[in-house]
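Participant: Just passing along the structure, written as structure tokens.
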Amino acid sequence: MSTLRLFKADKPFGPYLYLLAGKPESTDSCKQYGAITVLYHQDEIIGYNIAGDILKGEPQGYLPWDKERKQVLMTLFAQNGVPFSKMDEQEYLVVGQIKSLQEHPASEHLSVVQVDTGSAVVQIVCGSNNLRSDMKVIVALPGAVLPEGRLIEAGKVLQVDSYGMICSARELGLDWYTPQSGALRLLAEEKTGTTMSRLDWRKYHVE
């Protein structure tokens, strides 16, 4: 069964929720159930788009899949006769701390970065030019789906192993919320390994 991630956004077309297991652009069919659109690829559910402020009062961004949220959405789906695909309870966006970085052997525009994610130190190839040792960042681990629909996978960048992505505000859908460019720099007080959904994003908001 598909595994999905829960995300809430208020802009640019919101408020809405979406749950994604794959890339929206891979959708080859969809079916409407009231305010809920079910997305399919080769007859497999790859996501849901839910219009309206369903989770009132919730912060935007990635949300943990807990008992209360599950109950709200399961009730909504049942009321609308929506087929349901198993939710993924793992969170893939976490606070990481840069331990070291060096220039990529094949490109002066890339860095090979060792990042502590709380449970392991992983190697990530990154093109941001504002990275520094001990900097706290948001790491998208393999399996993460970013707001634009990009699925993060382990792979190689110019023959160097990379196990995730160091994210910018834009890639996290937060560029309208905080004007930072390059990798999103978190406060030093953020605890390594904390999931993105547990952060207090009010500290980063710029009017």
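Participant: Among F77, P179, Q159, whose Cα lies farthest out toward the positive end of the dipole of the range 69-207, if unit charges sit on the beta carbon of Lys, Arg (+1) and Asp, Glu (-1)?
Facilitator: F77
Participant: Note the per residue figure in Å³ for the convex hull of the C-alpha positions in the chain.
Facilitator: Spread over its residues, the Cα hull of the chain gives 129 Å³ apiece.
Participant: So, one more: Grab the other residues whose beta carbon is less than 12 angstrom from that of A169, score K and R as +1, D and E as -1, and report the net. Working shown, then result.
Facilitator: Numbers: positive: R170, R185; negative: E171, D175.
Within the 12 Å Cβ shell, the charges total 0.
Participant: If you don't mind, another one. Can you give the FRET efficiency for V160 and D10, using 1/(1 + (r/R0)^6), R0 = 45 Å, r = Cβ-Cβ distance, to the nearest 0.05?
Facilitator: Details: r = 38 Å, r/R0 = 0.84.
The formula returns an efficiency of 0.75 here.
Participant: Step by step: find N for the range 93-204, compute 2.2 N^0.38 Å, then divide the Cα radius of gyration by it. What's the final number?
Facilitator: Numbers: Rg = 13.0 Å, N = 112, 2.2 N^0.38 = 13.2 Å.
For the range 93-204, the normalised Cα radius of gyration comes out at 0.99.
Participant: Quick one: helix 67-80 against the long Cα principal axis of the chain, what's the angle to the nearest 10°, folded into 0 to 90?
Facilitator: That works out to roughly 40 degrees.
Participant: Cα extents of the range 82-122 along the three principal axes, largest first, in whole Å?
Facilitator: That works out to 50, 23, 11 Å along the principal axes.
Participant: Order of D134, D53 from fewest to most other C-beta atoms within 10 Å? Working shown, then result.
Facilitator: Details: D134 10, D53 14.
In order of increasing Cβ crowding within 10 Å: D134, D53.
Participant: Fewest Cβ neighbours within 10 Å first, please rank C30, C167 accordingly. Walk me through the intermediate numbers first.
Facilitator: Values: C30 14, C167 24.
With the sparsest Cβ surroundings first, the list reads C30, C167.
Participant: Can you put V95, V72 in order of Cβ neighbours within 10 angstrom, beginning with the fewest?
Facilitator: With the fewest neighbours first, V95, V72 line up as V72, V95.
Participant: Over the range 143-207, what portion of Cα pair distances is larger than 14 Å, expressed as a whole percent?
Facilitator: 66
Participant: Specify the residue with the greatest mean-square fluctuation among E171, E68, E58, computed from a Gaussian network of the chain linking alpha-carbon atoms under 10 Å apart.
Facilitator: In the Gaussian network model the winner is E68.
Participant: Using 7 Å Cα-to-Cβ label points, what is the D53/M74 separation (nm, one decimal)?
Facilitator: With each label placed 7 Å out from Cα toward Cβ, I get 2.7 nm.
Participant: A 27 angstrom limit on the alpha carbon distance is what I want to check against. Which of K31/K156; K67/K136; K99/K156; K70/K136 exceed it?
Facilitator: Over 27 Å Cα-Cα: K31/K156; K67/K136; K70/K136.
Participant: Evaluate the distance, in nm, between pseudo-label points positioned 7 Å from the Cα of S133 and of E25 along their respective Cα→Cβ axes.
Facilitator: Between S133 and E25, the simple spin-label model gives 3.9 nm.
We did not get these values from a lab; they are worked out from the coordinates using the rules stated. This structure is a prediction, so every number in the text was calculated from the model and none was measured. No Cβ is skipped: glycine too gets one built from the backbone with ideal geometry, and neighbour counts run over all protein chains shown.
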